[in-house]
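Just below is one structure, and these are the notes that go with it.
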Amino acid sequence: MTVDELDLLIKRYDGVRILEAQDDLFYLYDPAGDLPPERQQPFATIVTGDHYEKVSRLDEPGAWRLNLGLTKATYTSLFGAVPTERDADWVLDSGHDYTARDQLMPHPFYASQHWVCIVSPTDPAALQDLITEAYEFAARKYAKHRARQTS
């Protein structure tokens, strides 16, 4: 699987807006295209290099990482309680090797917010349900925010 293939897969969902920075992709649920900056929280990201941190060794050839924000229920069904201990570089100690390829694991920094990641995934079918979960979770949060604004 390539970054372009995964990008096409995520773009198929309705209401997705994509922001790009340093060749990284940030997928927002924003069907009206009018989310204020403080509400622009992605539900998925594709990070293509060590621009922000080096824990996954994304500087190696062909390495990139998909990150997904899941519900607490889904996250805990996969990994149990979120990790709370951090090392000197602020990396969460989840017991996972964050350099491992094609292995779903807690996100090295955002697992405490129920984010997961996978470095250089190979099977899009294995990720489909998780991508859908992240997308639907973002859509529910968007709808709740809109409902609060109109009431």
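Derivation of every value follows stated rules applied to the coordinates shown; laboratory data play no part. Predicted model only: the values in this text are computed from it and were never measured. As a convention, Cβ positions derive from the backbone with ideal geometry for all residues, glycine included, and neighbour counts pool all protein chains shown.
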Exercise for the section: Could you state the orientation-averaged shadow area of the convex hull built on the Cα atoms of segment 1-47, in nm² to one decimal? Expected result: 3.3 nm²
Fill in the blank from the handout: Two pseudo-spin positions, 7 Å from Cα along C-beta at Asp102 and at Asp34, lie apart in nanometres by 4.6 nm
Problem - Qualifying lysines (Cα of each under 21 Å from Cα of Lys72; at least 8 residues distant if same chain) - result: Lys141, Lys144
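Going by C-beta contacts inside 10 Å, put Leu68, Leu104 in order with the fewest on the left.
Ascending Cβ contact count within 10 Å gives the list Leu104, Leu68.
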Problem - Signed unit charges on C-beta, dipole axis of segment 4-121, positive-most listed residue Phe43, Val91, Ala73 - result: Ala73
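Determine Rg/Rh for the chain; Rg is computed over alpha-carbon atoms and Rh is the Kirkwood hydrodynamic estimate from the same atoms.
Working: Rg = 15.3 Å, Rh = 16.0 Å.
My calculation of the ratio gives 0.96.
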Fill in the blank from the handout: The FRET efficiency for Thr2 and Gln149, from their Cβ-Cβ distance with R0 = 30 Å and rounded to 0.05, is 0.20
Fill in the blank from the handout: Here the averaged projected area of segment 87-151, based on the convex hull of its alpha-carbon atoms and given in nm², is 5.9 nm²
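Would you calculate, for the chain, the mean residue ellipticity at 222 nm contributed by helices, counting each DSSP H stretch of 4 or more residues as -39,500 (n - 2.57) and dividing by all residues, to the nearest 500?
Mean residue ellipticity at 222 nm (helix-derived): -9500 deg cm²/dmol.
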Handout entry: Label-point separation in nm, Glu60 to Glu20, each point 7 Å along Cα→Cβ
Key = 2.7 nm
Completion exercise
Placing one equal point scatterer on each C-alpha of segment 46-134 and summing with Debye, one gets log10 I(q)/I(0) at q = 0.21 Å⁻¹ equal to -1.02
Practice task
Could you please rank His114, His51, placing first whichever residue has the fewest other Cβ atoms within 10 Å of its Cβ?
Solution key: His51, His114
Problem - Ranking of Arg65, Arg12, Arg17, Arg146 by count of other Cβ atoms within 10 Å, fewest first - result: Arg12, Arg146, Arg17, Arg65
